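Undergrad: To start, I am sharing the structure in question, which I have written as structure tokens.
The values are calculated or read from the model by the stated rules, or taken from the named source; none is laboratory data. Every value quoted in this text rests on a predicted model; they were computed, and no experiment measured them. Counting neighbours? That spans all protein chains shown, and the Cβs are built from the backbone with ideal geometry, glycine included.
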Amino acid sequence: MLQLDMSAVQRWGGLLADEAEAIARRVEPAVAAQQVDVLNQIRDDAPERTGVIKGSVRPTGKGMNRWVRVGGKKAFYARFHEFGTRKMRARPFVRPNADGGVFTEFEERVDDALARGPIYD
């Protein structure tokens with residue numbers, strides 16, 4: 001009869017799960033800060049004619065799953081500003097703030113969070 005000792009594999013599995021949780025705890029503040037920055041940039045660039053679109057910019061989610069939502073029942077036309085129509089050119093205010101330098105800054109925040117010391121003492 002062949003027996004395999006799997007206790008080491010189980011122990012490593014537990015250590016890896018602990019490490020993943022520790023990394024998530026350290027990176028989560030960077031994700032939250034990035035959400036606030038993107039939200040503020042989108043809100044600053046949103047159309048101001050009536051203020052409805054600007055007022056519809058809101059944060060959602062929590063932890064590592066965060067979004068910035070724009071539009072809603074009152075501001076359903078936000079998508080027309082962003083993507084345009086057959087009769088109106090696009091005037092994007094969301095996509096420019098979700099590309100480029102925003103991600104460079106986010107990468108720096110995550111790198112800083114991960115460089116703040118060892119996960120295990």
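Undergrad: With the checklist (1) free of Cβ contacts under 8 Å to residues at least 40 places away in the same chain; (2) outside any loop (DSSP other than H, G, I, E, B); (3) over 30 Å from E21 (Cα atoms); (4) aliphatic (A, V, I, L, M) in hand, flag the one item I42 doesn't pass.
TA: In the conditions (1) free of Cβ contacts under 8 Å to residues at least 40 places away in the same chain; (2) outside any loop (DSSP other than H, G, I, E, B); (3) over 30 Å from E21 (Cα atoms); (4) aliphatic (A, V, I, L, M), I42 misses (1) alone.
Undergrad: Among the residues that make up segment 58-73, is at least one of them exposed (fewer than 13 other Cβ atoms within 10 Å of the Cβ) and closer than 17 Å to N97 by Cβ?
TA: Yes: one or more hits.
Undergrad: If you don't mind, there's one more thing I want to ask. Taking the options K62, K73, K87, name whichever one is among the basic types (K, R), within 14 Å of the chain's Cα centre (by Cα) and at pLDDT 80 or above.
TA: Residue meeting the stated conditions: K62.
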